[in-house]
Amino acid sequence: MTERKPPGVSYGTWVDRQIADAEARGDFEDLPGTGKPLPPPTGRDAATDWAVRRAREGDLDRSAFLPPSLAIPREIQDLPGKLAKIRSERKVREIVEDLNDRIRKTHAMPQDGPVLRARPLDVEETVASWLAGRGES
């Protein structure tokens with residue numbers, strides 16, 4: 001059984017320490033395939049190859065591969081173009097409120113990697129901007 005992570009030690013540090021200990025004990029020696037190159041990706045046998053191929057084909061949203069701290073700012077940047085295609089104010093409000101909900105949830109989660117610096121959007125201000133873009137201020 002593996003030991004528990006000591007309090008006050010980050011998971012990354014604890015995992016790195018366990019890997020270093022296993023290397024020192026020789027646990028990684030004589031593994032199958034040692035010294036052989038990795039086989040080339042076939043596009044059929046690895047989940048990563050599948051996801052990359054689907055993203056290239058346009059079947060997947062590439063922002064799905066980004067952490068929220070990078071995907072959300074891009075979504076905010078692209079929001080005016082997305083909202084320009086929407087015809088109802090109710091739908092605009094739903095989109096902005098959903099985005100704000102995801103921003104709040106991301107801020108509430110532990111941050112690993114880049115920190116999300118985006119704040120929730122002002123729904124009324126966003127709707128006013130959308131109306132102005134439609135010539136309906």
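The values are calculated or read from the model by the stated rules, or taken from the named source; none is laboratory data. Note that the structure is predicted; figures quoted are calculated from it, not measured. For neighbour counting, all protein chains shown are included, and Cβ atoms are generated from backbone atoms with ideal geometry for every residue, glycine included. Just so you know, the surface numbers come from the protein's heavy atoms only, side chains and all, with ligands and any DNA or RNA stripped out. Shrake-Rupley method; radii C 1.70, N 1.55, O 1.52, S 1.80 Å.
A few notes on this one:
- Matching residues, the range 113-133, being free of Cβ contacts under 8 Å to residues at least 24 places away in the same chain and either hydrophobic (A, V, I, L, M, F, W, C) or not in a helix (DSSP H, G or I) (or both): Arg119, Pro120, Asp122, Ala128, Ala132
- Members of the range 115-137 that are loosely packed, with under 12 Cβ neighbours inside 10 Å and either at positive phi or not β-branched (Val, Ile, Thr) (or both): Arg117, Arg119, Glu124, Glu125, Ala132, Gly135, Glu136, Ser137
- Test: Thr13 is at pLDDT 75 or above, of a type in the set (Ser, Thr, Tyr) and over 30 Å from the mean Cα position of the chain (by Cα): no
- In the range 57-79, the residues that are under 16 Å from the mean Cα position of the chain (by Cα), free of Cβ contacts under 8 Å to residues at least 24 places away in the same chain and over 20 Å from Ser129 (Cα atoms): Leu60, Asp61, Arg62, Ser63, Ala64, Phe65, Leu66, Ala71
- For the range 80-91, the count of residues that are open to solvent by less than 70 Å² (accessible area, probe 1.4 Å), in contact (Cβ under 8 Å) with a residue 12 or more places away in the chain and among the hydrophobic types (A, V, I, L, M, F, W, C) is at least one.
- Test result for Leu70, within 26 Å of Ala47 (Cα to Cα) and assigned to a helix (DSSP H, G or I): yes
- Residue among Ala51, Ala55 that is open to solvent by less than 50 Å² (accessible area, probe 1.4 Å), modelled with pLDDT under 90, over 30 Å from Tyr11 (Cα atoms) and among the hydrophobic types (A, V, I, L, M, F, W, C): Ala55
- Whichever residue in the range 92-105 is in contact (Cβ under 8 Å) with a residue 12 or more places away in the chain and of a type in the set (D, E, K, R) and, among such residues, is surrounded by the fewest Cβ atoms within 10 Å (Cβ to Cβ): Arg104
- Cross-chain or 6+ apart pairs with Cβ under 7 Å, the range 15-32 first and within 19 Å of Lys5 (Cα to Cα), then of a type in the set (A, V, I, L, M, F, W, C): Ala22/Phe28
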